[in-house]
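We did not get these values from a lab; they are worked out from the coordinates using the rules stated. In this text the structure is predicted, and so the values were computed from the model without any measurement. Using ideal geometry, Cβ is built from the backbone for each residue, glycine included, and neighbour counts are taken over all protein chains shown.
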């Protein structure tokens, strides 16, 4: 009954938190530091709490409940999704397109602020929201370096942040070589996008293998808990809980290693 009461109480609390997260408008601090509590975070947290409560209800293991909740929240992030990889690729390509648009407008003797306003109307869909917000800040008379700093915090792309850094420097002092620099950065973004396309099949295979291993491990643990609880009886003692904590740490290191394998190529590509 205690675990069930905790589950119901957590559900009510997360429901109220979801309402607050949906009604609260994003602030400048949210955009700068990425602290916005999105609907996705609320859903993951709710699932984690439910899984932890169910694990505690079935096993009466505090460590098991904690590990189940942490795993339910962290594994989707660690293993990643094919959709996220596709979004990252689209964002890199969009950065290259927008950078070339900026360069072409600057070559036409337009100022930096005017170029931003013009290109915002035709910005690629993957980064259009961020560029539209930048253009809105420019129209409202915000200082360009500050508006660009906000964009840099929100633009989750390594080459994109380099582009914005160059724009910040150009907005603070005149830079005659900005168009050439934007050309180089656009070429780098396109090279990264090409690299992502080449290594995407290998990463997809690694992610699939990781999901199979994770699913088999979870299925085996759940089967033992439901169909053969006597086999797991030693874990009910204090020493058993410490052992379970150690086992959980070993599995966590293994899952993190698998997740790193799925991202290592992208990381290296980002450094090039």
Two-site FRET efficiency, residue 232 against residue 86, from Cβ-Cβ distance with R₀ of 45 Å, rounded to 0.05: 0.65
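What shape does segment 198-262 take by its C-alpha gyration tensor, where a ≥ b ≥ c are the square roots of the eigenvalues and a/c under 1.5 counts as rounded, a/b above b/c as prolate, and the rest as oblate? Intermediate results must be reported in sequence, preceding the final value.
Working: a/c = 7.68, a/b = 2.10, b/c = 3.66.
Because a/c hits 1.5 or more and a/b fails to exceed b/c, segment 198-262 counts as oblate.
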Set the Förster radius R0 to 41 Å, insert the Cβ-Cβ distance between residue 57 and residue 197 as r into 1/(1 + (r/R0)^6), and round the FRET efficiency to 0.05. 0.30
